[in-house]
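Beneath this line is the structure, given in structure tokens, with notes to follow.
The values are calculated or read from the model by the stated rules, or taken from the named source; none is laboratory data. All values reported here derive from a predicted model rather than from experimental measurement. For neighbour counting, all protein chains shown are included, and Cβ atoms are generated from backbone atoms with ideal geometry for every residue, glycine included.
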Amino acid sequence: MIKKINHIGIAVASLEKQIPFYRDILHLEDLGQEEVADQKVRVAMFKVGEVKIELLEPTSDDSPIARFLEKKGDGIHHIAYESDGLVEEISFFTDNGIDMLDKTPREGAHETLIAFIHPKSSGRVLTEICQVKE
Ligand code: ZN
């Protein structure tokens, strides 16, 4: 079951350039940075209420984020909903004709498992479903 919005993913060409806006101007809580090798991104997380802001900087030219930046530039990349049963969500979506970019969960940032829905099945809003690992 989907419980809440976990985070909003924002593609940035440079973490170094964008972090001060979130940290020093908006004064969001800084949760630190990590690299997600699987997605070829470096992630900086900030927290506001229950929602996180996930800044994504590509670590390689063939990262999906690098391709996004090339086409669209910096901006909102995806919305992530938190579920308590990711595998069940994926099979429910698939049974209902939703096209999944990830048919099985994979590793996300901050101890989560994630799966993306294909934007053509979600009104062109890239949608991630994530589950916090126990
Ligand atoms: Zn995300």
Conditions (1) within 13 Å of the ligand (Cβ to nearest atom); (2) surrounded by fewer than 19 Cβ atoms within 10 Å (Cβ to Cβ); (3) modelled with pLDDT of 95 or more: number failed by residue 80: (2)
Condition check for residue 38: within 16 Å of the ligand (Cβ to nearest atom), among the charged types (D, E, K, R), within 22 Å of residue 134 (Cβ to Cβ) and modelled with pLDDT under 95: yes
Enumeration of residues in the stretch 89-134 that are modelled with pLDDT of 95 or more, hydroxyl-bearing (Ser, Thr, Tyr) and within 15 Å of residue 2 (Cβ to Cβ): 91, 122, 127
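Residue-by-condition table, conditions (1) surrounded by fewer than 12 Cβ atoms within 10 Å (Cβ to Cβ); (2) within 13 Å of the chain's Cα centre (by Cα); (3) within 12 Å of the ligand (Cβ to nearest atom):
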{"site": "55", "(1), (2), (3)": "no, yes, yes"}
{"site": "63", "(1), (2), (3)": "no, no, no"}
{"site": "75", "(1), (2), (3)": "yes, yes, no"}
{"site": "85", "(1), (2), (3)": "no, no, no"}
{"site": "107", "(1), (2), (3)": "no, yes, yes"}
{"site": "110", "(1), (2), (3)": "no, yes, yes"}
{"site": "133", "(1), (2), (3)": "yes, no, no"}
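Quick one: in the stretch 112-131, which of the residues that are in contact (Cβ under 8 Å) with a residue 40 or more places away in the chain and within 20 Å of residue 65 (Cα to Cα) is nearest to the ligand (Cβ to nearest atom)?
Restricting attention to the stretch 112-131, the residues satisfying the condition of being in contact (Cβ under 8 Å) with a residue 40 or more places away in the chain are 112, 125-131.
Restricting the remaining residues to those that are within 20 Å of residue 65 (Cα to Cα) gives 112, 125-130.
Values: 112: 8, 125: 13, 126: 9, 127: 10, 128: 5, 129: 10, 130: 7 Å.
Step by step, filter the stretch 112-131, then rank; the result is 128.
In the set 46, 68, which member is part of a helix (DSSP H, G or I) and in contact (Cβ under 8 Å) with a residue 12 or more places away in the chain? Quick ask: steps written out before the conclusion?
Working: 46 fails: part of a helix (DSSP H, G or I).
Result of the check over 46, 68: 68.
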Complete set of residues in the stretch 49-65 that are part of a loop (DSSP other than H, G, I, E, B) and either touching a Cys at 6+ places or on another chain (Cβ under 8 Å) or of a type in the set (D, E, K, R) (or both): 50, 61, 62
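It is to be established whether one or more residues within the stretch 84-91 are of a type outside the set (D, E, K, R), part of a strand (DSSP E or B) and touching an Asp or Glu at 6+ places or on another chain (Cβ under 8 Å). Break it down into steps so the answer makes sense when it comes.
Our first condition is that a residue be of a type outside the set (D, E, K, R); within the stretch 84-91, this holds for 85-87, 90-91.
If we keep only those that are part of a strand (DSSP E or B) as well, we get none.
No: zero hits.
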